[in-house]
Amino acid sequence: MSSSSRPSPALRASSASEETDLVGEATICRDVLTPRGILVLKTSSGTGKADAGSLPGGPWIFSNQVASCSLHASLEMSSRRGPTRHGVLPPSSPDGMGDEARPSEKRPESTLVRVQDERGISYGVAYYNRHALIAARVLSEDAGEAIDDSFFRRRFRTALESRLAFSRSFSWNMRKAKNRDTATTHQSLCDNRAEAAESGDNFFRLVNGEGDGLPGLVVDLYGKYACIQSLTRGMDSLMPLVTSALRGLLNLRGILVRRDKPDRALEFPDSPTKFGASGASSPAWISEPEVAAGDIPREVVLTENGCVFAVDLRQQLETGKSVENLQCRACWRFDRRDFRRQVALLSRGKQVLDLFGHSAACGITCMHLGKAERCVVVESNERSAQLALQSMQLNGIGDKLEIHQEDVDKWIKNYADHLDNDRDPCYFDVVILDPPNLAPRKSDVPGARISFQRLVEAASRLTAPGGFLAITNSSRHYSHGTFLADVSAACASAGCSATLCAEGGEGFDFPVDVRLPRSPELQWAVLELSGR
């Protein structure tokens, strides 16, 4: 193995005995979460003795698998030292509920439990939410493992080493990161750009939930800043330990905690179905982004594929919509890194159209890395369009990139009418179609297929003969076979035949537990169109 493919010496030398060197001046949360009950699983009939400590179905425990749950108190932190700093939950009342509690007493919303089956075989430690379909999520298959700051730091370190092992480009040197001067927290975009170039590509997803052994938790790194997304009630309760571990392991300038992904609604089944509109209250599962440590500037700067982008870590959900139709304005899409690079490789000297362009990440990559001749980006969200303009300036891209803040369907219709009436129509050599998640629930798939085929057909009509159509699908309920079949049918409706040139999904920093009953949340395909 070459030296460039190995984790950096600083990382390899950072063993458990050297943890204090990595902590620096960060304050560690010394609290330990104590399991407050026992979750008993039903023993499936006709099965032999299961292996202790291993759940064949993965870290999820569904409500219909639960035989009983004896809770003694709500989620409790026992402190090993005095008062702790920012974000630490207070200990629960010592006179909480026991096994003999009356049914009328209020049960805790989320609590840490030990998991075993009816035969007494242990399956580890999980957090439990009696309201959710996924009633419990296993944190550790060792029932005796302490859920504390060190637990999360070990998981974070393992995740970081995994990313380094998969990519030579992520040359994170933690000693260098620790020693770099962090006195100045308010910098201009140009200053941040210089720093990003110095530190390398330290921009990736550090934790991808169950794939990294931390169900309900997502952590994205943006250089010296971290953005955390808590997806469950149980992870909400663990957040003080999460932020403490991050601060102890990495010398970050700021940590932002978000609790607004639509999947959270499944943890709060009694929440309102609408929010943000006049007279409607916000549901319990959504909250404003919270700065948990340091400072988060209005924009941070990210480098990817040789390009520089302005990113707003606080970018919000669209309001006034029902939970079922809610779209989360993700601050950045790390999962599309490979997709953007693949499309850029096809763009040299080409005319490019980027539909649902968000902050123009794909379009800018085509211009800066791919050397496209011209790119038109269409995005309806005002804040995303503003970020696209900033990123365009950061990369020194002139007026060859056009940003249209407009409804995509309306823009397509108007441009199609223009093509029909133009004696010398201008088609695009590369068309990028990156729509939002059209099927957040399985029941949405039939309607989503109709909408998706309509979009693909419309985009195909704007693509030049011999041109390329690059498409994404963000629904895990939309199978790969159905996705490609619908693309083929839509192209045929537009009078084109399509040849699949490349396809893929999320990158190496999006690991998935293969035991889970789910499909990838991103599929993409690049097709060459002919005919018409």
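Structure summary
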read-out	value
Vicinal HN-Hα couplings computed from phi for the range 112-129 (Karplus, 6.51 cos²θ - 1.76 cosθ + 1.60; Hz; Gly/Pro x)	8, 9, 8, 10, 8, 9, 5, 8, x, 6, 7, 10, x, 10, 9, 9, 10, 10
Fewest-first ranking of 365, 158, 472, using other Cβ atoms within 10 Å as the exposure measure	158, 472, 365
At R0 = 25 Å, FRET efficiency that the Cβ-Cβ distance of residue 424 and residue 371 yields, to 0.05	0.50
Per-residue HN-Hα couplings for the range 151-156 [Karplus 6.51, -1.76, 1.60; θ = phi - 60°; Hz; x = Gly/Pro]	4, 5, 5, 5, 5, 5
Exposure proxy order (Cβ contacts within 10 Å, fewest to most) of 39, 387	387, 39
Span from the the range 427-450 Cα centroid across to the the range 345-383 one, whole angstrom	19 Å
Fraction of antiparallel bridges per DSSP, the range 333-531 only, in percent to nearest 5	40 percent
Order of 471, 403, 255 under a 10 Å beta carbon neighbour criterion, fewest first	403, 255, 471
Under 5 Å, built H, 5+ apart or other chain: amide partners of residue 404	377, 378, 379
Nonlocal amide H pairs with residue 261, under 5 Å, H built at 1.01 Å	none
Unsatisfied cross-links (Cα-Cα over 29 Å) in the set 350/413; 224/410; 371/442	224/410; 371/442
Farthest toward positive dipole pole in the range 333-531 [+1 Lys/Arg, -1 Asp/Glu at C-beta], among 474, 377, 489	474
Dipole magnitude (debye, nearest 20) for the range 324-480, charges at Cβ of Lys, Arg, Asp, Glu	640 debye
Percentage relative contact order, the range 333-531, counting C-alpha pairs under 8 Å, at least six apart	20 percent
For the range 304-309, Karplus couplings with θ = phi - 60° (6.51, -1.76, 1.60), whole Hz, Gly/Pro x	7, 6, x, 10, 10, 9
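Values in this text are rule-based calculations from the coordinates and carry no lab data. If you're wondering where the values come from, they're calculated on a predicted model, not measured in any experiment. Cβ sites come from the backbone with ideal geometry, for glycine too, and all protein chains shown count toward neighbours.
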